[in-house]
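What follows is a short report on a single structure.
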Amino acid sequence: MSDLGTSAPKGAQAHARAMAGTRVEAMPTVPASATLDLPHDVRAEAMLWEQTVPGGGYAAKELHRGARLRLIDLKGDACVSMLVFNAERPQERLNVADTIKVQWNAYLGAGRLLLSDMGRVLASLLEDTAATHDAFCGPSNERSNARSYGDGSNWGPCPNARERLLLGAAKFGLGLKDVHPCINWFKGIRIAPDGSTQLEAGPFPPGRALTLRAEMNIIVVLANCPHVLDSRHSYSVTPVRVSAWRGPVTASEDAIRNSTPESVRAFLNVEEYFRR
């Protein structure tokens, strides 16, 4: 390696090339088939995405119908804000209000659906060992982070989830108007009898995970930042591992598809969409 240091172009080039083949947090594994720790029963050639998103980080990916997406809270203090779009027509996107209303349940868990604003299932939740999620509060923002940590700017030491989501959405030509209300995974909100919101903040045991199944061709945008209601004065959030792999399209006899009349209707809307 050059002794010029990274302040000089040749030194920076030598340093960058010397990093080839090393595992760097926040960098995706390329190709995804080179993943060292494969999900159970998943072949290397089926892998689509493997990345560790650090605290304050973000990531985005297009996934095809049938893909599985797994998030693992590696150290028990992650908070992953998620946006979901129809990859073919991004004006169709996750509608959190309908996700709650149509399913008659505000607390997401295994067997629940993420619904679009056009009545279709964008993704279904196959597995969930966390059971602490939030469909109420949305992402943190610059002002909320400034109140909590003294700085909430996107490029400062305490970046906020809203602007991190914007960075991820921008990779697909989307802008500020497209940063819609999100789901926050791994930090739970419960509504008390008096109507107040109560945050289940953790930290929790490491290794909690959830697995989603893409029911359409989707764009997923993630931001791993402290929850907007986190009362700690330190910027506390730990890495999340993101893995995605190819999987079969949901069959007509699928248990989640047929679990409720509302679920059947949402899947029929998807099937009609792909009949075009």
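Mind telling me which of Gly109, Gly156, Gly247 comes out most flexible in a GNM of the chain, alpha-carbon contacts under 10 Å?
Fluctuation is largest for Gly156.
Please report the carbon-and-sulfur percent of the accessible area for region 225-276; probe 1.4 Å, protein heavy atoms only, DNA, RNA and ligands left out.
56 percent
For every other residue with a beta carbon closer than 10 angstrom to the beta carbon of Cys79, add +1 if it is Lys or Arg and -1 if Asp or Glu, then tell me the sum.
-3
If you average the sequence gap of Cα pairs under 8 Å that are 6 or more apart and divide by the length of region 73-155, what percent do you get for the contact order?
Relative contact order comes out at 20 percent.
Which whole-number percent is the relative contact order of region 66-206 (Cα, under 8 Å, 6+ apart)? Don't jump to the answer; show the numbers that get you there.
On the way: 233 pairs, mean separation 39.7, N = 141.
Worked out over region 66-206, it gives 28 percent.
Using a 1.4 Å probe and counting only protein heavy atoms, arrange Ser153, Ser140 so the residue with the most accessible area comes first.
Largest accessible area first, the residues go Ser153, Ser140.
What figure in square angstrom, to the nearest 10, would you give for the accessible area of Ile191 with a 1.4 Å probe?
Roll a 1.4 Å probe over it and Ile191 shows about 70 Å².
Ignoring solvent entirely, what values of log10 I(q)/I(0) come out of the Debye formula for the chain at 0.08, 0.10, 0.14, 0.16 Å⁻¹ when each Cα is a single scatterer?
-0.34, -0.53, -1.01, -1.29
Rank these by accessible area, largest first, 1.4 Å probe: Trp49, Trp155, Trp245.
Result of the area sort, largest leading: Trp155, Trp245, Trp49.
Arrange the residues Ser234, Ser144 by how much accessible surface each exposes, largest first, with a 1.4 angstrom probe.
Ser234, Ser144
By how many nm would the segment from Arg143 to Ala192 grow when fully extended, if each residue of separation counts as 0.36 nm and the alpha-carbon distance is taken off? Present the calculation step by step, with values, prior to reporting the outcome.
On the way: separation 49, 0.36 × 49 = 17.64 nm, distance 2.59 nm.
Separation in residues times 0.36 nm, less the Cα-Cα distance, equals 15.0 nm.
Could you tell me how far the Cα centroid of region 126-191 sits from the Cα centroid of region 25-87, in Å?
Using only Cα atoms, the two centres lie 17 Å from each other.
Using DSSP loop states and a limit of at most 16 other Cβ atoms within 10 Å to flag GluC sites (Glu not before Pro), what is the longest stretch of the chain containing no flagged site?
Counting only loop sites that pass the neighbour cut-off, the longest clear stretch is 89-252.
What's the local net charge at Asn141, with K and R +1, D and E -1, over the other residues with C-beta under 14 Å away?
Surrounding charge for Asn141 is 0.
Roll a 1.4 Å probe over the protein chains and send me the accessible area per residue for the chain in Å².
Averaged over the residues of the chain, the accessible area is 48 Å².
For region 232-276, what does the convex hull of the Cα positions come to per residue, in cubic angstrom?
182 Å³
The values are calculated or read from the model by the stated rules, or taken from the named source; none is laboratory data. A quick note: this is a predicted structure, and the numbers were derived from the prediction, not measured. Neighbour counts run over all protein chains shown; Cβ positions are idealised from the backbone, glycine included. Each accessible area value is taken on the protein alone, full model and side chains, heavy atoms only, with ligands, DNA and RNA left out. Shrake-Rupley method; radii C 1.70, N 1.55, O 1.52, S 1.80 Å.
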